Amino acid sequence: MKPRILLVEDDEFIGPLVRAVLAQGGYEVTVASRLEEVKEMDTTAFAAVISDFQLPGADGCDVVEYLRQTTPAMPALLISGYGNWALEKCASKGMENIRHLEKPFRADQLLHEVEALVPTGTCPQ
């Protein structure tokens, strides 16, 4: 069984590209474009979350915070063009163990970061 990744990305060009790269890397990907969509899902089966930092009505820290209410150890990767500011905002909210990948990034960089979060040989129990 492939590890399931939740991708939260509102950009209509970046989302499909990230999804395609992850699928090629052996991951099953579900895409949401905002936190409100995530709240309508059963998120317990996801092995990790990748979230854009800047989203409509929320940010990536809000997404991770929401998911960690039900899955406290949910691995998380923020993708943004904001550098370390995104991680600093999450840290200021007491959130830890969040990785960051700055846009623009290459497919190999994305796969390397995701493999560090959840190797393709693992999936949630």
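The values are calculated or read from the model by the stated rules, or taken from the named source; none is laboratory data. Note that the structure is predicted; figures quoted are calculated from it, not measured. Virtual Cβ from ideal backbone geometry, glycine too; neighbours counted across all protein chains shown. Remember, those area values only see protein heavy atoms, side chains included, never the ligands or the DNA or RNA. Shrake-Rupley method; radii C 1.70, N 1.55, O 1.52, S 1.80 Å.
Checked against (1) part of a helix (DSSP H, G or I); (2) within 25 Å of Lys2 (Cα to Cα), Phe105 passes all but condition (1). Restricting attention to the stretch 79-94, does a residue exist that is of a type outside the set (S, T, N, Q), touching a His at 6+ places or on another chain (Cβ under 9 Å) and loosely packed, with under 13 Cβ neighbours inside 10 Å? The answer is yes, given that some residue of the stretch 79-94 is of a type outside the set (S, T, N, Q), touching a His at 6+ places or on another chain (Cβ under 9 Å) and loosely packed, with under 13 Cβ neighbours inside 10 Å. Just to check your reading of the model, which residue among Glu12, Glu28 is loosely packed, with under 14 Cβ neighbours inside 10 Å and out of contact with any Pro (no Cβ under 6 Å at 6 or more places or on another chain)? It is Glu12. Residues in the stretch 60-77 include at least one that is open to solvent by 30 Å² or more (accessible area, probe 1.4 Å), within 14 Å of the chain's Cα centre (by Cα), among the basic types (Lys, Arg) and closer than 21 Å to Val118 by Cβ.
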